[in-house]
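Here the structure is laid out as structure tokens; the discussion comes afterwards.
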There are 2 protein chains.
Amino acid sequence: MTKPDDPNRVLIFDTTLRDGEQSPGISLNTAEKLEIAHQLARLGVDVIEAGFPITSPGDFEAVQTIAREVEGPVIAGLARTHTADIEAAHGAVKDAGRPRIHTFISTSDIHITHQLQTTREDVKGQARAAVAHARSLVEDVEFSPMDATRADVEFTAEVCQIAIDEGATTINIPDTVGYTMPHEFTAYLERLYALAPGLKDVVLSVHCHDDLGLAVANSFAGLLAGARQVECAINGIGERAGNASLEEIVMLLHTRRPDVGLTTGIVTTEIARTSRMVSRLTGYVVQPNKAIVGRNAFAHESGIHQDGVLKERTTYEIMDATTVGLDANSIVLGKHSGRHALQQALEELGFQVSGQALNQAFKRFKEIADKKKQVTAMDLEALVTDELRDEIATYTLEWFEVEASSRRPPHATVGVRTPEGEDVTGSFTGDGPVDAVFHAINAATGLDVKLREFRVGAVTAGQDALGEVSVVLELGGVAAAGQGVSTDIIEASGRAYVRALSNAQRRAAAADEDADLAEPVALRTP
Amino acid sequence: MTKPDDPNRVLIFDTTLRDGEQSPGISLNTAEKLEIAHQLARLGVDVIEAGFPITSPGDFEAVQTIAREVEGPVIAGLARTHTADIEAAHGAVKDAGRPRIHTFISTSDIHITHQLQTTREDVKGQARAAVAHARSLVEDVEFSPMDATRADVEFTAEVCQIAIDEGATTINIPDTVGYTMPHEFTAYLERLYALAPGLKDVVLSVHCHDDLGLAVANSFAGLLAGARQVECAINGIGERAGNASLEEIVMLLHTRRPDVGLTTGIVTTEIARTSRMVSRLTGYVVQPNKAIVGRNAFAHESGIHQDGVLKERTTYEIMDATTVGLDANSIVLGKHSGRHALQQALEELGFQVSGQALNQAFKRFKEIADKKKQVTAMDLEALVTDELRDEIATYTLEWFEVEASSRRPPHATVGVRTPEGEDVTGSFTGDGPVDAVFHAINAATGLDVKLREFRVGAVTAGQDALGEVSVVLELGGVAAAGQGVSTDIIEASGRAYVRALSNAQRRAAAADEDADLAEPVALRTP
């Protein structure tokens, strides 16, 4: 990707599917990653980092599918400086309209000594070879000196200049451990510009982690120092405390544009929906007081009675909730709505559904519409993403019976269909009715599963809201998440549990494959 | 409070109980606020802003109780510049060892014109009179020019100098709408120092909101410009996107101390517990990727299997999880542990429990220990805070029976004891078993309640974890929250629901009292 002509245009590089997906307990399958990638394209991001193809066949397949099917953004794949990594990344992204290979190696002495166990000279050689190799395969190559903010700036500048000389078109400076401070980062980048004269001819990028709560501020400091690409993730997910929040950096530039003068290509009205989709598919909740996308972020969204109408809106609001798409909850269907109305509503939401998939969606819609008076856009989003999951579930919960009482232990019986199509049943008690269902599923499937996390949220407000259950469990040392949506918490929990089971089995199988690779794959990334 | 002798000492002013408590759906009672205040004292904050005493008799009582019982920190009460506000604040804080009155008025033209509907001259007069009045009552007076970052800096400086001349000992600059940027805030404060020469003799404070994700960075920019007090809240709660997170600003100063040189009086090992307590009592979840206190914030806390032990810990960690108290989950009791062991364990956690309260806690402990193999420190925290809530519950759930199945609608029957001591029962169906229980409680009590939110989290990991349910409901236009803890999700939900009911009734009664006041109380604050 060449530098944009407009010197004030900031490129948004989304790493939700790479750094975000590396968070513990997140296990997106290809269909889910593709759905998120399509939404990121609607949101208008410039680059989608779709994964780290060398790490597993599943990751490779997901990146390849996104590269083939998602139009608009550059599709990037991550690679260490190893030849095999770069070839895997190239194999996965090469069918994209605009493919990018993103390769990285640490320049900090602490990483060079303890993690890489090598020398500075070797790092220079690896960077040179990797960028040259990547550049022989694609036009668009990004290079990151990992842990740069804790590295010697002169050595880092030398490595960056080598990458530029070999044809890197973007140089990304990662604050890998979330250590730097805005004024320090500004000074670091100014020094880098002075030391690596080639930097002014490529796109300078920043990749900041939030360990000290400064990811957005550091990214912004980077932009003020001349960077024109920000690496960020929806809801700020990512390793440990996560990456800079896409929605925060974008709305900061949007809100303060008259003073700062920088622009992005983001369609801000898609922000709220993207946030909900990522939260739902990853099972990662957004806290109510999260900036931009938390449910209280906009005063008038809080639903709390205000003492009179505000005399002037701008008195207490610097952003309008409609700008981030928070008015989008308008499509309302009811139990008498037909198949065509549903299809139209789904299309408005960006979901192309027809044939058997539409029949299936319509069946679920009617079940819900029987229980809820009004089915909103947010309910439809939840249902469609719920259906999406079923396409890949290997275990399914067919039926259940539960008795619970304060006077005796709860008891559950369940019917489960196995991946082989067999119907099995199991009965068990538990500490509570959901626990009894989980134990009954274990009894039915004969699997030794440990529950790690269990969380319930509501899709919309109100007594008849859809409940959304998120489960994280462990099976044979592998953690996996599953989600389920229903007005019935026991049904939603059971669905989430069998999906997590299916994901865990799939992951365990993939891990077995990985174990056969010559070299164990370390996931330490920028 | 006079300026500390050490020029590098930063005062931590905690507003969890004031700005944080103003978040939608949070309704802490006096016992809960007192528990949090005691914990804030253990955490070592310098100032506790305990509430806004004029706003309701309940708020007045809570501030007064904290002022009388919590030793160590300065106890502050918020007041507009009105005489009645200042007298209420004084009445509430005067019994504290070190009382503070914090008074505020807007200096931005947008607020002066649209909100206050007055003139700059009047604002100067009100500030002068309020500070003089407050100073005649207490030694320690803080003044805030609200919305300062959107105000004319020269006018703001003039008002600040007036407050200093009248004896204000702290001048706090609020970024009320979360609008400023670090470099802009630095420049603003430098200009303020130049324009108001008296500023150098008092403590300069900053109060930043997180609407654009910059609250911590702006607070930090304030400190670099010379401020020595930061107003912040646990978990970053507060109006809209909340305030600066106490844990983030504190750990930033702690981690970067060799480079920045600023210190606080915070006992960092109390951070994790304080965060859990505030999350539990407010019902506000902390997202997994939240800096410092999110469950993934520390890589080794994620519980995910790592590929081999890290060669050197600092390679990927800039903070040690034990520094923020994440190793505190060590006390483990079992079903054979006695009353004395429980009392000792609670004492280690900072809870002084004896007599009838100990008997009650022991009874609950044995119930849980029968179901769980190990009862950890985190379980005990949850149980004690759960018991705390019972002291004020007016409705109690006595028993329930539920049948749920995928083949027919769920059905629930409940027994509830009313505030009058009457036992009532109700039966109902619902969209799910929890919904059926809620409807049955409505049927039993005859109250017209709307459920707004329902959320479940686990206290610790594992299949036998305690579930923690948080419910927000609306009764007669008043929103209130309730929480319940149990291994049984239906029991926890029922407990949470009747507690939310009790809180809503109490709030509705308080709102009726407020409606009798001569002047309606607006809650717009810095």
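The values are calculated or read from the model by the stated rules, or taken from the named source; none is laboratory data. Just so you know, these numbers come straight off a predicted model, no measurement behind them. Here the Cβ positions follow ideal geometry from the backbone for every residue, glycine too, while neighbour counts run over all protein chains shown.
B:Asn296 - would you say it is of a type in the set (S, T, N, Q) and either without any contact (Cβ under 8 Å) to a residue 12 or more places away in the chain or surrounded by fewer than 23 Cβ atoms within 10 Å (Cβ to Cβ) (or both)?
yes
Could you grab me the full set of residues in the stretch A:291-303 that are modelled with pLDDT of 60 or more, facing chain B (nearest Cβ under 7 Å) and farther than 17 Å from A:Thr255 by Cα?
Scanning the stretch A:291-303 gives A:Gly294, A:Asn296.
What are the residues in the stretch A:162-187 that are buried (at least 24 other Cβ atoms within 10 Å of the Cβ), part of a helix (DSSP H, G or I) and among the hydrophobic types (A, V, I, L, M, F, W, C), if any?
A:Ala163, A:Phe185
Across the stretch B:98-128, what is the total count of residues that are touching a residue at least 60 places away in the same chain (Cβ under 8 Å) and of a type in the set (D, E, K, R)?
2
Only residues that are aliphatic (A, V, I, L, M), within 22 Å of A:Tyr316 (Cα to Cα) and out of contact with any Pro (no Cβ under 9 Å at 6 or more places or on another chain): list them for the stretch B:108-151, please.
Of everything in the stretch B:108-151, those that are aliphatic (A, V, I, L, M), within 22 Å of A:Tyr316 (Cα to Cα) and out of contact with any Pro (no Cβ under 9 Å at 6 or more places or on another chain) turn out to be B:Ile110, B:Ile112, B:Leu116.
Take the stretch A:233-261 and flag every residue that is more than 20 Å from B:Asn218 (Cα to Cα) and touching a Phe, Trp or Tyr at 6+ places or on another chain (Cβ under 8 Å).
A:Asn235, A:Ile237, A:Arg240 - these are the residues of the stretch A:233-261 that are more than 20 Å from B:Asn218 (Cα to Cα) and touching a Phe, Trp or Tyr at 6+ places or on another chain (Cβ under 8 Å).
Could you run through the stretch A:1-22 and say how many residues are away from chain B (no Cβ under 14 Å), buried (at least 23 other Cβ atoms within 10 Å of the Cβ) and of a type in the set (D, E, K, R)?
Of the residues in that region, 2 qualify.
Could you grab me the full set of residues in the stretch A:134-148 that are assigned to a helix (DSSP H, G or I) and surrounded by fewer than 24 Cβ atoms within 10 Å (Cβ to Cβ)?
Passing the criteria: A:Arg135, A:Ser136, A:Leu137.
Of the residues A:Val131, A:Val93, A:Val138, which is in contact (Cβ under 8 Å) with a residue 24 or more places away in the chain, under 22 Å from A:Asp46 (Cα atoms) and touching a His at 6+ places or on another chain (Cβ under 8 Å)?
Only one candidate qualifies: A:Val138.
Going by what's in this entry, would A:Ala377 be described as modelled with pLDDT under 75, of a type in the set (A, V, I, L, M, F, W, C) and buried (at least 18 other Cβ atoms within 10 Å of the Cβ)?
no
Scan the stretch A:314-370 residue by residue and report those that are in a loop (DSSP other than H, G, I, E, B), within 14 Å of another protein chain (Cβ to nearest Cβ), under 28 Å from the mean Cα position of the chain (by Cα) and touching a residue at least 24 places away in the same chain (Cβ under 8 Å).
A:Ile318, A:Met319, A:Leu326
Would you point out which residue out of A:Glu49, A:Glu61 is surrounded by fewer than 20 Cβ atoms within 10 Å (Cβ to Cβ) and at pLDDT 95 or above?
After applying the criteria, what remains is A:Glu61.
For residues that are touching a helix residue (DSSP H, G or I) at 6+ places or on another chain (Cβ under 6 Å), under 26 Å from B:His439 (Cβ atoms) and facing chain B (nearest Cβ under 10 Å), scanning just the stretch A:467-489, find the one that is modelled with the lowest pLDDT.
Restricting to residues being touching a helix residue (DSSP H, G or I) at 6+ places or on another chain (Cβ under 6 Å), under 26 Å from B:His439 (Cβ atoms) and facing chain B (nearest Cβ under 10 Å), the top hit is A:Gly467.
Consider A:Leu246 against the criteria (1) touching a strand residue (DSSP E or B) at 6+ places or on another chain (Cβ under 9 Å); (2) modelled with pLDDT under 95: it satisfies all of them except one. Which criterion is unmet?
The single condition A:Leu246 does not satisfy is (2).
For A:Ala492, only one of the following conditions fails: (1) under 18 Å from B:Ala492 (Cβ atoms); (2) more than 7 Å from every other protein chain (Cβ to nearest Cβ); (3) over 20 Å from the mean Cα position of the chain (by Cα); (4) at pLDDT below 85. What is its number?
Condition (4) is where A:Ala492 drops out.
Considering only the stretch B:71-87, state which residues are closer than 30 Å to A:Thr314 by Cβ and either crowded, with 20+ Cβ neighbours inside 10 Å or at pLDDT below 95 (or both).
Listed by number, the residues that qualify are B:Ala76, B:Gly77, B:Leu78, B:Ala79, B:Arg80, B:Thr81, B:Asp85, B:Ile86.
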